[in-house]
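Each reported figure results from applying straightforward, stated rules to the coordinates on display, with no laboratory input. Quick caveat, the model's predicted, so the values are computed rather than measured. Positions of Cβ are generated from backbone atoms using ideal geometry, with glycine treated the same way; all protein chains shown enter the neighbour counts.
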Amino acid sequence: MTIVDRQHGAEAVTDKGKVYKFDAIECMVNYLKQNPDQEWAYLLVNPFENPGDFFPAQEATYLISPNLPSPMGAYLTAFASEAEAQAVQAEKSGDLLGWQDLPERLRTGEAMSTMEE
């Protein structure tokens, strides 16, 4: 797959070097949930502030904001810097999350529904 939107792309690399590319971070998170036994050497995201530069997914800060759409509709964006994520949150609103929070938050329909309440 070719990553079209470099601000929201992601890659998962197996321990054997096979690369899976995703147009949106939420697609990678869902793929990982569906393949829990796979060993991953790298999980990478494109940070909003540096499109095209991969950053370790586990170290990123994530923003789910109704004012910052992502390609697959979860409104999820990654930031390499927590300070940058907070600055964009102040401008666009939304919720800041860590990597460990994403699988639960991205259950079908959950990403935006908690923000709309």
Task: Least to most buried among R6, R105 (fewest other Cβ within 10 Å first) - done: R6, R105
TODO: Would you tally the net charge around L44, using a Cβ to Cβ cut-off of less than 13 Å, leaving L44 out, and scoring K and R as +1, D and E as -1?
DONE: -1
Open item on the list: Bin width 10 Å, origin at 0, all Cα-Cα pairs of segment 10-116: what percent of pairs per bin?
Closed with: 15, 51, 28, 5, 0
Task: Residues Y62, Y42, Y20 arranged by fewest to most Cβ contacts within 10 Å - done: Y42, Y20, Y62
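Could you sort the peptides 81-89, 43-51 by per-residue average Cβ neighbour count (10 Å cutoff), highest mean leading? Spell out each step's value before the answer.
Numbers: 81-89: 16.2, 43-51: 21.0.
Listed from highest to lowest mean packing, they are 43-51, 81-89.
Among the trypsin sites (Lys or Arg not before Pro) within segment 14-53, which fall in a DSSP loop and have no more than 12 other Cβ atoms within 10 Å of their own Cβ? Please report the intermediate quantities before stating the final value.
Working: sites: K16, K18, K21, K33; in loops: K16, K18.
Those satisfying the criteria are K16, K18.
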Open item on the list: Just want the ordering: W99, W40, from fewest to most Cβ atoms lying within 10 Å of their own Cβ.
Closed with: W40, W99
Task: Set of lysines with alpha-carbon distance to K33 below 24 Å, sequence-local pairs under 8 removed - done: K16, K18, K21
